[in-house]
Amino acid sequence: VTECFESEDKLQSCDADQLCPAGAKGPLCGVCKSGTHYHDGLICSECTGSLWASFGVLMAICFLCAGLVAIWHFKRAVLQVEFPRCFKMWADTSRFKIAYVTCQIVGSVSWA
């Protein structure tokens with residue numbers, strides 16, 4: 001990068017992407033190259049991790065949710081008799097609305 005600024009001739013021969021830090025490209029180096037992601041609002045970092053690991057976690061969460069929905073659907077009457085306070089707490093949809101909106105608010109705040 002520094003050799004681009006040694007003379008005006010060298011500056012003309014430099015590609016704009018050569019002036020960007022590693023992994024960045026485009027106007028004002030504001031776009032990350034393929035295989036990298038924007039990290040901490042400062043640099044483009046290499047992508048790491050496995051797609052299959054993420055898929056496995058997602059599937060586990062889906063099976064857990066499906067299991068909870070099945071228990072709720074098929075055992076609702078038993079839950080209502082055995083655990084009346086818990087049933088009233090979880091059956092109240094306004095609690096879910098409040099929790100959902102709170103999660104949206106917390107997720108939209110920039111914690112930097």
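The values are calculated or read from the model by the stated rules, or taken from the named source; none is laboratory data. In this text the structure is predicted, and so the values were computed from the model without any measurement. Don't worry about glycine lacking a Cβ; one is built from the backbone with ideal geometry, like all the others, and counts go over all protein chains shown. These area figures cover heavy atoms from the full protein model, side chains too; ligands, DNA and RNA do not enter into them. Shrake-Rupley method; radii C 1.70, N 1.55, O 1.52, S 1.80 Å.
Of the residues that make up the range 39-51, is at least one assigned to a helix (DSSP H, G or I) and farther than 30 Å from Cys20 by Cα?
From the range 39-51, those assigned to a helix (DSSP H, G or I) are 51; that's our starting set.
Filter again for farther than 30 Å from Cys20 by Cα, leaving none.
No - not one qualifying residue is present in the range 39-51.
In the set (1) open to solvent by 70 Å² or more (accessible area, probe 1.4 Å); (2) at pLDDT 80 or above, Glu3 fails one condition alone, (2).
Out of Ile71, Ile98, Ile105, Ile61, I need the residue that is of a type in the set (A, V, I, L, M, F, W, C) and either exposed (fewer than 10 other Cβ atoms within 10 Å of the Cβ) or part of a loop (DSSP other than H, G, I, E, B) (or both). Which one? One residue alone meets the criteria, Ile105.
Suppose the filter is modelled with pLDDT under 75, open to solvent by less than 90 Å² (accessible area, probe 1.4 Å) and either within 30 Å of Ser110 (Cα to Cα) or touching a strand residue (DSSP E or B) at 6+ places or on another chain (Cβ under 7 Å) (or both); does Leu11 pass it? It is false that Leu11 is modelled with pLDDT under 75, open to solvent by less than 90 Å² (accessible area, probe 1.4 Å) and either within 30 Å of Ser110 (Cα to Cα) or touching a strand residue (DSSP E or B) at 6+ places or on another chain (Cβ under 7 Å) (or both). Looking across Val31, Val78, one residue alone is under 25 Å from Ser110 (Cβ atoms), at pLDDT 80 or above and open to solvent by less than 90 Å² (accessible area, probe 1.4 Å). It is Val31.
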